[in-house]
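The values are calculated or read from the model by the stated rules, or taken from the named source; none is laboratory data. Being a predicted model, the structure only gives us computed values, none of them experimental. Virtual Cβ from ideal backbone geometry, glycine too; neighbours counted across all protein chains shown. SASA here: full protein model, heavy atoms, side chains in, ligands and nucleic acids out. Shrake-Rupley method; radii C 1.70, N 1.55, O 1.52, S 1.80 Å.
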Amino acid sequence: MIDALLAAPARLGAVRLLAVDGPSGAGKSTLAAQVVADLRARGCRTELVSTDAFATWEDPVSWWPRLVNGVLRPLAAGVEGAYRRMDWTSGTPRPGELVRVPVPDVLVLEGVSSGRTSVRPLLSHLCWLSGGSDTDRLARTVARDGAAAQAELERWQRFERGWFAVDGTRAAAGTRLS
């Protein structure tokens with residue numbers, strides 16, 4: 001996947017954009033962190049942005065303009081981007097710290113909807129990670145987020161199934177992993 005990414009042209013200005021997409025609990029964050037480490041080991045200036053920094057239970061995907069305006073457009077123009085990370089420490093999501101995104105060689109965008117149709121013309125590569133069955137993924141997300149979040153996670157999984165069916169993300173991916 002990394003070789004395919006680096007062989008592809010930059011489409012976000014001079015930045016190569018990799019989306020690591022798939023359902024919750026699939027292992028996207030783990031894979032993205034490994035890709036970032038591997039790219040940095042190759043000498044690539046690499047930044048990571050997670051859709052988890054934007055999404056909430058009530059707003060799973062319509063926050064996208066904040067990412068476009070705060071990060072993607074500035075980087076395409078060759079200038080630093082920035083966004084406010086969602087702060088969940090109070091139990092209710094609210095805008096938190098300002099995160100600056102320097103212009104990298106590669107931007108790894110990780111999370112549910114990161115490879116959505118509207119961003120595909122800007123992508124150098126799209127990776128889909130399925131992560132096993134709904135039951136397995138739910139168990140992993142409950143273990144990660146706590147039993148109190150199970151009802152929200154089940155609702156989120158139902159949303160994801162509809163989102164991915166309409167968006168066609170898996171079929172559009174250049175790399176598909178289980």
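What pairs come up if the first residue lies in the range 156-178 and is on the phi > 0 side of the Ramachandran plot, the second is in a helix (DSSP H, G or I), and their beta carbons are under 9 Å apart, counting only those six or more places apart or on different chains?
From the range 156-178, the pairs are Gly168/Thr117.
Which of the residues spanning the range 114-136 are closer than 9 Å to Leu17 by Cβ and either touching a Phe, Trp or Tyr at 6+ places or on another chain (Cβ under 6 Å) or of a type outside the set (A, V, I, L, M, F, W, C) (or both)?
Ser124, His125
At least 2 residues that are open to solvent by less than 10 Å² (accessible area, probe 1.4 Å), over 16 Å from Val119 (Cα atoms) and not basic (Lys, Arg) in each: list the helices (runs of 4 or more DSSP H) lying fully within the range 26-77 that qualify. Can you show your working first?
On the way: elements: 28-41, 64-67, 73-76.
So the answer is 28-41.
Consider only pairs whose beta carbons are under 9 Å apart and that are at least six residues apart or on different chains; among these, list those whose first residue lies in the range 114-141 and is open to solvent by 60 Å² or more (accessible area, probe 1.4 Å) and whose second residue is aromatic (Phe, Trp, Tyr).
From residues that are open to solvent by 60 Å² or more (accessible area, probe 1.4 Å), the pairs are Ser118/Trp64.
Given the conditions (1) touching a helix residue (DSSP H, G or I) at 6+ places or on another chain (Cβ under 6 Å); (2) among the small types (Gly, Ala, Ser); (3) open to solvent by 30 Å² or more (accessible area, probe 1.4 Å), and given that Gly81 satisfies all but one, which numbered condition is not satisfied?
Just one mismatch for Gly81, condition (3).
Just one of Val101, Val106, Val49 is free of Cβ contacts under 8 Å to residues at least 60 places away in the same chain and on the phi < 0 side of the Ramachandran plot; which is it? Before you say what the answer is, go through the steps one by one.
Details: Val106 fails: free of Cβ contacts under 8 Å to residues at least 60 places away in the same chain; Val49 fails: free of Cβ contacts under 8 Å to residues at least 60 places away in the same chain.
From the options Val101, Val106, Val49, the qualifying one is Val101.
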